[in-house]
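The values are calculated or read from the model by the stated rules, or taken from the named source; none is laboratory data. In this text, all values refer to a predicted model and were calculated from it rather than measured experimentally. Don't worry about glycine lacking a Cβ; one is built from the backbone with ideal geometry, like all the others, and counts go over all protein chains shown. SASA here: full protein model, heavy atoms, side chains in, ligands and nucleic acids out. Shrake-Rupley method; radii C 1.70, N 1.55, O 1.52, S 1.80 Å.
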Amino acid sequence: QPEFTIALAGNPNSGKTTMFNALTGARQHVGNYPGVTVTKKEGVVNSQGKSVKIVDLPGTYSLTPYSEEELAARSFVVDEKPHAVIDIVDANTLERSLYLTVQFLELGVPVVVALNMMDEVRRRKIRLDSARLADLLNVPVIETVAREGEGKQEMLKEAIEFAQQNKGSELNPVRISYGEDIDKALDEMEQKILAARFMTDRLPARWIALKYIEGDEEVLARGRKADALSMELEATSHKLAKHVRTTLDTSPEALIADHRYGFISSILRQGVVKKDVTQERIN
Ligand code: GDP
Ligand code: MG
Ligand code: K
């Protein structure tokens, strides 16, 4: 029985399966996620003297379960609680890719970011400061080229270290500001969720509140089974949605997405991406 489970997550086409194959070789097992037709690939590797189960999650842009793939990926992370998640990011589309990364961080998941496709980034003369990104996100960031196997050992080592450190302990989920109205509702709901210990055995209180505000049907359904507090949280969310609709002519969901992208672009502006203009002109 493997000691650790590490999941490979990321957007479609970010190189997950290529990395999965580079790590596991022929030692693969294919099955299905419970309740859906989405294929689940698993393999076992030995690294750092540990036996590690690697799971290739379906590609997702978000952790909002709009599709079977997104639902399968999120349920695996929430319910199976892998010891670490390696987020395979296409470094050529960093801004869009980090949208998923940030959602893992809000969920309090131990994440190692693999900046993949670095061969293409280098060819385009884009300079990415991965150490700076690691500082700003407060997680390990490793540059990789999955097709060449470049960076895979270091990436795995970081994930195993992360898994060992975080075994049994809780991470501090990232807290993003979503603007005055949403933040106020989030704070209130978070306090109530904590006081009632409403689903907090698996999930951070603020994340649960955020999902109520987003109107996440899967979390709402879990909540209805769990406790009477769910009625109150739904009522607060409806009131907020009405207020946001009246005053800003938009939905809380759209506001949340805007602020997440704002959070990401502020990180990227702090010296993460440097385009070498001189080189660009020469080529
Ligand atoms: P998945 O959808 O995340 O599983 O992505 P795949 O592993 O199927 O990869 C998508 C495409 O990107 C394939 O054509 C891969 O060969 C290619 N690819 C994967 N990793 C790299 C990389 O590091 N560099 C380059 N240039 N291509 C890559
Ligand atoms: Mg794949
Ligand atoms: K590509």
Residue-normalised 222 nm signal for the chain, counting each DSSP H run of n ≥ 4 as -39,500 (n - 2.57), nearest 500 deg cm²/dmol, is -15000 deg cm²/dmol
With a ≥ b ≥ c from the Cα gyration tensor eigenvalues, square-rooted, and the rule rounded for a/c under 1.5, otherwise prolate when a/b > b/c and oblate otherwise, the chain is oblate
Mean accessible area per residue over the chain (1.4 angstrom probe, all protein chains present, square angstrom) is 49
Note: segment 92-168, point scatterers on Cα, Debye, no solvent; log10 I/I(0) at q = 0.18, 0.19, 0.22 Å⁻¹ equals -0.77, -0.85, -1.11
With +1 on the Cβ of every Lys and Arg and -1 on the Cβ of every Asp and Glu, the dipole magnitude of the chain about its Cα centre, in debye rounded to the nearest 20, is 520
Carbon and sulfur atoms account, in whole percent of the 1.4 Å probe accessible area of the chain, for 48
Share of Cα-Cα pairs in segment 1-57 beyond 15 Å, whole percent, is 49
Dividing the alpha-carbon radius of gyration of segment 1-102 by 2.2 N^0.38 Å, where N counts its residues, gives 1.03
For the chain, the longest principal axis of the Cα atoms and the Cα long axis of helix 94-106 enclose an angle in degrees, to the nearest 10, of 60
With the charge dipole of the chain built from beta-carbon charges (+1 for Lys and Arg, -1 for Asp and Glu) about the Cα centre, the Cα from 213, 178, 105 projecting farthest to the positive end belongs to 105
Surrounding charge for residue 154, neighbours by C-beta under 11 angstrom, Lys/Arg +1, Asp/Glu -1, total -2
Heads up, segment 187-283 by the C-alpha gyration tensor (a ≥ b ≥ c square roots of eigenvalues; a/c under 1.5 rounded, else a/b over b/c prolate, else oblate) looks prolate
With +1 at each Lys and Arg Cβ and -1 at each Asp and Glu Cβ, the charge dipole magnitude of segment 120-264 around its Cα centre, to the nearest 20 debye, comes out at 320
Taking Cα atoms, the helix 229-248 axis meets the longest principal axis of the chain at an angle in degrees (rounded to 10) of 80
Ranked output for segments 138-146, 31-39, 266-274, 212-220 by mean other Cβ atoms within 10 Å, highest leading, reads 138-146, 212-220, 266-274, 31-39
Ordering 100-109, 255-264 by per-residue average of other C-beta atoms within 10 angstrom, highest first, gives 100-109, 255-264
In degrees rounded to 10, the 0-90 angle between helix 205-214 Cα long axis and the longest Cα principal axis of the chain is 80
